[in-house]
Every structure is written in structure tokens, then in C-alpha cells.
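J.: To start, I am sharing the structure in question, which I have written as C-alpha cells.
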Amino acid sequence: MSRNYCRTGNYKPDYSICGSVIYNYDFDGYVSMTSMAERIISDWKFDEKCKKNAENRDRNKNYKKGVK
């Protein structure tokens with residue numbers, strides 16, 4: 001009897017995004033969906049801002065080297 005194995009790729013964490021902060025009151029059951037959504041959107045905006053800053057930093061570094 002042959003066995004079939006499903007191979008998956010290695011897990012590589014993405015350090016370019018913020019994983020968000022977990023607070024104690026997240027587990028008390030009184031957090032509204034609105035506040036959770038606001039925190040998620042805030043984290044997404046922060047990630048976008050960091051991504052743009054990193055792209056600009058790399059672009060400026062390459063510009064100073066004379067690379068287009």
C-alpha cells in the first residue's frame with residue numbers, strides 16, 4: 001500500500017507587516033466588532049505607511065548611487 005504525502009512549503013514569517021498588539025481586554029468578551037475592525041484597519045494603514053517608507057528609502061538609496 002503506497003502512501004500519499006502532501007508537501008507544503010516552509011513557513012517563513014513576514015516581518016514586513018505588523019502583527020498587531022493583543023490586549024488583555026480582547027479576551028473579556030466585551031470588545032465590540034467595531035473596535036476590532038478599527039484596530040485592524042489602523043494596523044493595515046500602519047503597514048502601508050511602513051511599506052511606502054521602505055520603498056522610498058530604497059529608491060533614495062539607489063538614486064544616490066546613480067542607479068535608475
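J.: Confirm whether Tyr11 is at pLDDT below 75 and in a loop (DSSP other than H, G, I, E, B).
T.: Judged against the criteria, Tyr11 is a match.
J.: Being surrounded by 10 or more Cβ atoms within 10 Å (Cβ to Cβ) and charged (D, E, K, R) is the filter; apply it to the stretch 23-44 and report the residue that is modelled with the highest pLDDT.
T.: Glu38
J.: Using beta carbons and a limit of 6 Å, which pairs, at least six apart or on different chains, have the first residue in the stretch 12-38 and within 15 Å of Glu48 (Cα to Cα) and of a type in the set (Val, Ile, Thr) and the second one modelled with pLDDT of 80 or more and surrounded by 10 or more Cβ atoms within 10 Å (Cβ to Cβ)?
T.: Ile17/Asp47
The values are calculated or read from the model by the stated rules, or taken from the named source; none is laboratory data. This structure is a prediction, so every number in the text was calculated from the model and none was measured. FYI the Cβ positions are ideal-geometry reconstructions off the backbone, even for glycines, and counts take in every protein chain you see.
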